[in-house]
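Report on the structure given below.
The values are calculated or read from the model by the stated rules, or taken from the named source; none is laboratory data. Just so you know, these numbers come straight off a predicted model, no measurement behind them. Cβ sites come from the backbone with ideal geometry, for glycine too, and all protein chains shown count toward neighbours. With ligands, DNA and RNA removed, areas are computed over all heavy atoms of the protein, side chains included. Shrake-Rupley method; radii C 1.70, N 1.55, O 1.52, S 1.80 Å.
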Amino acid sequence: MDRKMLPIGVDDFEKIRKVNYYYVDKTDLIRELLSNRGEVNLFTRPRRFGKSLNMSMLRYFFEIGTDPALFEGLAISREKTLCEAYMGQFPVIFISLKTAHGNDYEFARNELSTIIAKEALRFSFLAISDKLTASEKDLYNQLIKVDHSLKSTFAMSDSTITSSLNTLSMLLEKHYGQKVIILIDEYDVPLAKASSNGYYDKMIVLIRNLLDAALKSNKNLYFAVMTGCLRVSKESIFTGLNNPKIYSLLDAECDEYFGFSDREVRLMLDYYGLSEYYDITKEWYDGYRVANAYVYNPWDVINWCSQLLTNPDKRPKSFWKNSSSNEEVKRFLRRMGDGVTKVQIERLISGESVQKTIEEQLTYNTMYDNVENMWSLLFATGYLTPSEMPAGNLVRLKIPNNEVREIFSGFILELFEEKVAEDGTLVTEFCTALKNGDTAEVERVFTKGMGKTISIRDTAVKKEFKENFYHGLILGIMFYKSDWGVSSNREAGDGYFDIQIEIEDEEIGIIIEVKYAEGGDLEGACKEALAQINKYNYTAELKEDDMHNILKYGIACYKKQCKVVLERESL
C-alpha cells in the first residue's frame, strides 16, 4: 500500500496537500472563524499544537490566486456558498515571528525586519503597480531595502518596522481594491526570548507599536488572526486594540481545531495499520482539555506513528520534551519549599489534581516573579491541564498524560541528583552497604535519600511508572560512583534487568530489581523481584565477566518506605 507520508516538521499547508502528506482536516476552523470572528482574533495554545499549520491553511484559503484544488475533499469544500464568497478573495499578509529573536536587541530587531521584508517581497508587483503613486512605490521600496553594511540582508529602522504592516496593507488594498487579512503566527516568541536575554523593555515597545499600527483603526484591515502560547496582558501589549477576541484554553469556541481529537487519532492509527497501539498512544499523548474538548499533542502523535512504522517494538517517549528547554518546569520545581509544596507535586505526579486560580493575562518579564504566575504559566504552556470544566478562573489542574509526567519526573530526578551531590556521605554510605550486603543499612540510607525528594502516592498511575521513578532515584545515587560499572535497562539472560553493577577489582557483581509495592506489601514485592532475577537469569552477563561474588537485590518501595532483600551467589 502506498501510504501518505507523515508530515514531521511540515507546517506549510500547500506542501502537505501537494506532496502526498497525511493531513488531519482542520478546515472547519475557517467556517467557525468567519461565523464568530472579531476584527482581531487571538488563539493561544501550547507549542507544537498545530498553530502554524492552521495559519498556513487560512492563508491559502483566503489569498487571492489560491489553488482551489488544495481544499478539494476537505470539510470546508462542502460549504459552497462560503467558499464562493471568501476563497481566494483577499490579499493576505502572513508573517511568523518564531525566528524573531536573538541574544541581543539589535539582532532580534534585524531578524524581525528580515521577516517582514521577505513577506513584502512576495508582493513585488507593488513596485510597478499602476494603481500606486510614485510616493507609494517609494514606501514599498523602503520595506525591501537591502542594507549591505549589516550582516543581515534587510534592516529597517524601528519606525519603519512598526509601520510596516500598516503600510503594506494600505498598498495591497489600493492595488487590489480589497481589504486585507493579516495573519501573525507566534506573536509572543520575540517577547519570550527578549525576557530570557535581558532586552524585554525594548522589544515590548517595538512589538506593541507594530501591532498597534497594523491592527488598531487600520481602515485597510478586513480582519486579523494571531497565535501564541500566552495571552500577554492587555496593559503590556494590547493597549491600543479594541477588545481582540480571545480563543484561549478555557474558551469553548474552536476548542477542537488545535490538537488532534480522539477520533482523528484513531483514524490515523488505522490508516497506518497501528490500531493496536491506540491505548498506549492515549496514555502517553492525550489528555489536554481545551474547554469541552480533549485533544492529543499532534507533534507527539505524528512522531510516535513514524517511530512505530520504523520499529514496532519501540516504547513511547517524550518527543515534545526535545522541542524546548522546558524551562518552565525546571523553574517551577526549583521553587519547591518556596511556595510550591512537596504535597502538591506528589499529587500531580500521582495523577491527582490541585486547585489553583489561573491568570490568563501574563507578562513575560514577570511570569516567574511569584508561584501563582508560574501555575498559570504551566497551564498556558500545556504542562498542566484542567481535570474538569473550570468555574471561572478557579481551575483544578492535573498533568495531562504520561509524556508530561515523565518530563516532570525527569527534572525531579535531576534535582535529586543535585541534592545527592551536595550530601557527600549519601553515596559512600549507600554504595558501601550495597557492596557489603548490609540490607538494613541499604534500607536506612535509601529511605534517607527518598526524604530529599517527592514520593509517589498509591493512585491510578500505573505501577510501571512508579517503579521507573524509584529506579531513577537509585541511579541518581549510583551516578556519582564513577569507579563502578553501572548499567541500566539492558538485556541479560532472558530479559532486561533494572540495574547491574560490576566492581571489577573485587570481582563483585550486583543485580538490582526494583518493584513498587502495591498496597504496601513490601515483603511480597521483594520476593517477586528476586523471583524475576532468577527466572530470567539476569546474572548471566556477570558470570561471563568473571564476577565471582554476585549479590541479587530485590528492592521494594511504597511512598517513602523501602524494603531490601538479598540473595548471594558465589562462583
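For A492, the residues whose modelled amide H falls within less than 5 Å of its own, excluding neighbours fewer than 5 places apart on the same chain, are F497. Once the dipole of region 43-98 is set up with Lys and Arg at +1 and Asp and Glu at -1 on Cβ about the Cα centre, which of T81, F62, T44 lies farthest towards its positive end? Towards the positive end, the residue furthest out is T44. Within the same chain, lysines fewer than 8 places from K179 are excluded, and of the rest, those with a Cα less than 18 Å from its Cα are K131, K216, K219.
So what's the angle, to the nearest 10 degrees on a 0 to 90 scale, between helix 522-535 and the longest Cα principal axis of the chain? Taking the Cα atoms of the chain, the angle to 522-535 is about 90 degrees. Angle of helix 51-62 to the longest C-alpha principal axis of the chain, folded into 0 to 90 degrees and rounded to 10: 30°.
Relative to the current alpha-carbon distance between E506 and S233, full extension at 0.36 nm per residue lengthens the span by 91.9 nm. When the surface is traced with a 1.4 Å probe over the full set of protein chains, Y536 keeps roughly 80 Å² accessible.
Run the numbers for D251 and D458: contour at 0.36 nm per residue of separation, minus the present Cα-Cα distance, in nm.
Full extension from D251 to D458 adds 71.2 nm.
A crude spin-label estimate for the pair D147 and D2, with each label 7 Å from Cα along the Cβ direction, gives 5.0 nm.
Residues in region 227-326 average 41 Å² of solvent-accessible surface per residue, probe 1.4 Å, ligands and nucleic acids excluded.
Taking Cα atoms only, the orientation of helix 424-436 departs from the longest principal axis of the chain by about 50 degrees.
Model label sites at N20 and E422, defined 7 Å from Cα along the beta-carbon direction, differ in position by 5.8 nm. Label zone of Y480 (point 7 Å out along Cα→Cβ, amide N under 19 Å): in region 438-461 this covers 441-454. Compared with the direct C-alpha span, the chain from E32 to T357 gains 114.1 nm at full extension, assuming 0.36 nm per residue.
Hey, if you put +1 on the Cβ of every Lys and Arg and -1 on every Asp and Glu Cβ in the chain, which of H548, Y199, G451 ends up farthest toward the positive end of that dipole? Checking the options against the dipole of the chain, the answer is Y199. Listed by chain and number, the lysines whose C-alpha is less than 17 Å from the C-alpha of K137, apart from same-chain residues fewer than 8 away, are K118, K145, K174. Computed from the C-beta positions of I280 and Y496, the FRET efficiency with R₀ = 22 Å rounds to 0.80.
If you count only protein heavy atoms with a 1.4 Å probe, what accessible area per residue comes out for region 347-469, rounded to a whole Å²? Show your work: numbers first, answer last.
Details: 4610 Å² over 123 residues.
Here the residues of region 347-469 average 37 Å² of exposed surface.
Here the dipole of region 294-426 is about 300 debye; that uses its Cα centre as origin and unit charges on the Cβ of Lys and Arg (positive) and Asp and Glu (negative). Scanning the chain for GluC sites (Glu not before Pro) that sit in a DSSP loop and have at most 11 other Cβ atoms within 10 Å, the longest stretch containing none of them is 389-571.
Here the accessible area is traced with a 1.4 Å probe on the protein chains. For the chain, carbon and sulfur cover 45 percent of it. FRET efficiency for the pair L333 and S196, taken as 1/(1 + (r/R0)^6) with r the Cβ-Cβ distance and R0 = 22 Å, rounds to 0.75. Here K559 is the anchor, and the lysines within straight C-alpha reach of less than 22 Å, apart from those fewer than 8 places off in the same chain, are K342, K398, K419, K448, K452, K462, K463, K466, K515, K527. A simple rule links phi to the HN-Hα coupling: the Karplus curve 6.51 cos²θ - 1.76 cosθ + 1.60 with θ = phi - 60°, which for region 192-200 gives 4, 5, 5, 5, 5, 10, x, 10, 4 Hz, with x for Gly and Pro.
Relative contact order of region 87-242, taken over Cα pairs closer than 8 Å and 6 or more residues apart, is 30 percent. Sorted largest first by accessible area at a 1.4 angstrom probe radius, with every protein chain in place, the residues R335, R263 fall in the order R263, R335. Each Lys and Arg Cβ is given +1 and each Asp and Glu Cβ -1; about its Cα centre, the chain then shows a dipole of about 1960 debye.
What does the charge dipole of region 354-492 about its Cα centre add up to, to the nearest 20 debye, if the Cβ of each Lys and Arg holds +1 and the Cβ of each Asp and Glu holds -1? Provide the component values of the computation, followed by the final result.
On the way: 15 positive and 21 negative charges, 75 e Å.
Here the size comes out at about 360 debye.
Ranking Y222, G287, G495 by how far each Cα lies toward the positive end of the dipole of the chain (charges on Cβ) leaves Y222 at the top. The string of couplings for region 401-407 from the Karplus curve (6.51, -1.76, 1.60, θ = phi - 60°) is 6, 5, 4, 5, 4, 5, 4 Hz, one whole number per residue in order, with x for Gly and Pro. Accessible surface of R47, taken over heavy atoms with a 1.4 Å probe and every protein chain present, rounds to 40 Å².
3J(HN,Hα) along region 502-511: 10, 10, 4, 5, 10, 6, 9, x, 10, 10 Hz, from the Karplus curve 6.51 cos²θ - 1.76 cosθ + 1.60 with θ = phi - 60°, whole Hz, x for Gly and Pro.
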